[in-house]
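Data first, discussion second: the structure below is written as structure tokens.
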Ligand code: GLN
């Protein structure tokens, strides 16, 4: 029987509720429990697939191809047993959509359909479904307590507490305890008010996680406990950490996992956090460092590439390397040239949509290819690598993806419907199927050519990786590009290009899929380990130079 831990947030947003939930998941998993994790998002969009990364950060793609909130990425990086999917993230929009569909079908037999009980029942049903068979399901509620739109979610989790009882349901509330420097004082009042708000809707938190710059002094801890009706030992101080992966230990030292397992009546061995300790140690004592340029758009919005940044760091953890990432706007390269790429040990062009800065990305690939700098291209980063090779190796002037130039003379990247001339269509995708629709999404099998850098990196010739894109390399150009020196080292089951490399270049690998979604700090990921190892060699000057064509 699954028990539930609900995590709410108070005072302000952006306190790191996703990380806190993920760390609690990691601790409980380290006690031997299986964990499932759910994120409830109070906004009206049906899913985050169509939301601007400007507003919402990265769209995380799960194994089954669901486009979800970036917090699901934190969950998967911290908790091995919590593999997300279409039942792990739902929004107000999705709940209403389901309820309205039932109403239209007449399922409610003429009853007046209301927030309580119909919406709240649907929320509870969805939570129970998402929980699966796990021992404990952690449910994070997006937004801040006091928001109008999160009320139905809070009401639903309140009801679950009554229905399942105090030994199967717990509430954790994350708040801010600010330090006012002009008064040299730590302020507990916002926390008191936030808990008051929560209690006014019938939820008494069992645990408070207090975010602050410095560890919470005993006196403030006592005061918070007294005013919020929470046990003193259950007031946990989550002070700023210089490394994300130190947080599980920080919370464990204050007894967070013990409080949860006690209340849920579980008798378990102590948490084994040695794997987390190893990560912290590896980051603290690297044997070398590298500079990596990440060239894309919206580079000031780091949240839009959060999984990729993490995956590069994981590559660093597993090769004893400090990874310094420099974020470069590809537009700047169009204006100022590639000088800013001098001295880099590696170059990454990440995934992306839209034509802004596309020529800058193509120039970036050229620089990496011609100067023998390790290059990792992801999704759009692979497509620009193909465009660059078409233009500069195969002499196909003005080659382009039809995403950016519909009238290009050489559509080396295009929608399948635009280039599939003979023998019917394997898949149908077109302009209209863009929004919230039918991109190639989720985990699919990829075959790797034996002896390629790709196969060598993975140590396998069949792999599975996650996708999120619409455009494909145009198979009609494959022979021509191969003759010009491109190797298509990975292909899908239906023979679409999945991986591209440039033999003769010291380390040049690009993928149509997104390997960053399956990287985690404990295991790392073969592509990122391989890339960072190559950048280290480049840095130390031991990587072979680019072969003359
Ligand atoms: N815009 C490209 C496509 O749709 C690449 C997508 C991506 O990088 N995720 O195919």
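Throughout, read-outs are computed from the coordinates displayed, never taken from laboratory work. Remember, it's a predicted structure, so these values are computed and weren't measured experimentally. Methodologically, a virtual Cβ is constructed for each residue, glycine included, from the backbone with ideal geometry; neighbour enumeration extends over all protein chains shown.
General remarks:
- Degrees between helix 306-317 axis and first principal axis of the chain (Cα, 0 to 90, nearest 10): 80 degrees
- Here segment 179-295 yields Rg over Rh of 1.07, to two decimals, using C-alpha coordinates and the Kirkwood radius.
- Summary of packing: across the peptides 474-487, 521-534, the per-residue average of other C-beta atoms within 10 Å ranks them, highest first, as 521-534, 474-487.
- Placing pseudo-labels 7 Å out from each Cα toward the beta carbon at residue 108 and residue 149 gives an inter-label distance of 2.1 nm.
- Alpha-carbon centroids, segment 311-326 and segment 138-190: separation in whole Å: 35 Å
- Nearest-ten-degree value, helix 218-228 long axis tilted from longest Cα axis of the chain: 70 degrees
- When only alpha carbons are used to place a centre, segment 478-549 and segment 351-410 end up 15 Å from one another.
- Efficiency of FRET between residue 253 and residue 303 - r from beta-carbon atoms, R0 41 angstrom, step 0.05: 0.90
- On Cα atoms only, tilt of 358-371 relative to the major axis of the chain in degrees: 70 degrees
- Rounded if a/c under 1.5, otherwise prolate or oblate - the chain, Cα gyration tensor axes: prolate
- Using just its DSSP H runs of length 4 or more, each adding -39500 (n - 2.57), the chain gives a mean residue ellipticity at 222 nm of -10000 deg cm²/dmol after division by all residues.
- Segment 463-549: C-alpha gyration tensor shape, a/c 1.5 cut-off, then a/b vs b/c: oblate
- Cα centroids of segment 247-302 and segment 198-212: 24 Å apart.
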